[in-house]
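Beneath this line is the structure, given in structure tokens, with notes to follow.
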Amino acid sequence: MASAVIYILYAGITNTFNTILWIAIGLILLEGVVLLINKWTCPLTPLAEKYTSNREPNFDIYLPKWLAKHNKTIFTSLFIIGLLLVIINLIRN
């Protein structure tokens, strides 16, 4: 999902429009709906919690602790910036 967000930002910066861009936007929007339904928690986190007592921010994700702690804020910001750039480029073309 991080790759999808980065690709959307890249596409917005480089004015790239292709199938991969639209799939990435769809996946991120779908992930947002899933998180919204699950009260902003990944639905797999409770499953992971059954197998460890570790509750560090990155216990269930392969990211550095600081990034895992703030991943929703960071990646949502990057997604919005990328999406705005895509929309601006669509309007200009």
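Yes/no per residue for (1) touching a helix residue (DSSP H, G or I) at 6+ places or on another chain (Cβ under 9 Å); (2) farther than 14 Å from GLY12 by Cα:
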| site | (1), (2) |
| --- | --- |
| LEU44 | no, yes |
| LEU47 | no, yes |
| LYS50 | no, yes |
| SER53 | no, yes |
| LEU67 | yes, yes |
| PHE75 | yes, yes |
| LEU85 | yes, no |
| LEU90 | no, no |
| ASN93 | no, no |
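In the set VAL5, VAL33, which member is aliphatic (A, V, I, L, M) and in contact with a Leu (Cβ under 6 Å, 6 or more places away or on another chain)?
VAL5
I want to confirm something. Restricting to region 47-93 and keeping residues that are assigned to a loop (DSSP other than H, G, I, E, B) and acidic (Asp, Glu), which single residue is farthest from LEU21 (Cα to Cα)?
GLU56
Kindly provide the set of residues from region 77-93 that are under 24 Å from VAL33 (Cα atoms), free of Cβ contacts under 8 Å to residues at least 12 places away in the same chain and either loosely packed, with under 11 Cβ neighbours inside 10 Å or under 13 Å from the mean Cα position of the chain (by Cα) (or both), ordered by number.
Matches in region 77-93: SER77, ILE80.
Starting from region 33-51, keep only residues that are of a type in the set (D, E, K, R), then list their pairs with residues that are assigned to a loop (DSSP other than H, G, I, E, B) whose Cβ atoms are within a distance under 9 Å, requiring at least 6 positions of separation or different chains.
Pairs found: GLU49/ARG55; GLU49/PHE59; GLU49/ASP60.
State which residue is surrounded by the fewest Cβ atoms within 10 Å (Cβ to Cβ) when the search covers only region 11-32 and only residues that are assigned to a loop (DSSP other than H, G, I, E, B) and without any contact (Cβ under 8 Å) to a residue 40 or more places away in the chain.
Of everything passing the filter in region 11-32, ASN18 is surrounded by the fewest Cβ atoms within 10 Å (Cβ to Cβ).
Tell me, which residue of region 43-75 that is at pLDDT 85 or above and within 17 Å of VAL5 (Cα to Cα) is surrounded by the fewest Cβ atoms within 10 Å (Cβ to Cβ)?
Residue satisfying both the conditions and the ranking: THR73.
Among what's in region 38-65 and is under 16 Å from the mean Cα position of the chain (by Cα) and hydrophobic (A, V, I, L, M, F, W, C), pick the residue that is nearest to THR76 (Cα to Cα).
If we take residues in region 38-65 being under 16 Å from the mean Cα position of the chain (by Cα) and hydrophobic (A, V, I, L, M, F, W, C), then TRP40 is nearest to THR76 (Cα to Cα).
The values are calculated or read from the model by the stated rules, or taken from the named source; none is laboratory data. The structure presented is a predicted model; accordingly, all values stated were derived computationally and were not measured. With ideal geometry, Cβ positions are generated from the backbone for all residues, glycine too; neighbour counts draw on all protein chains shown.
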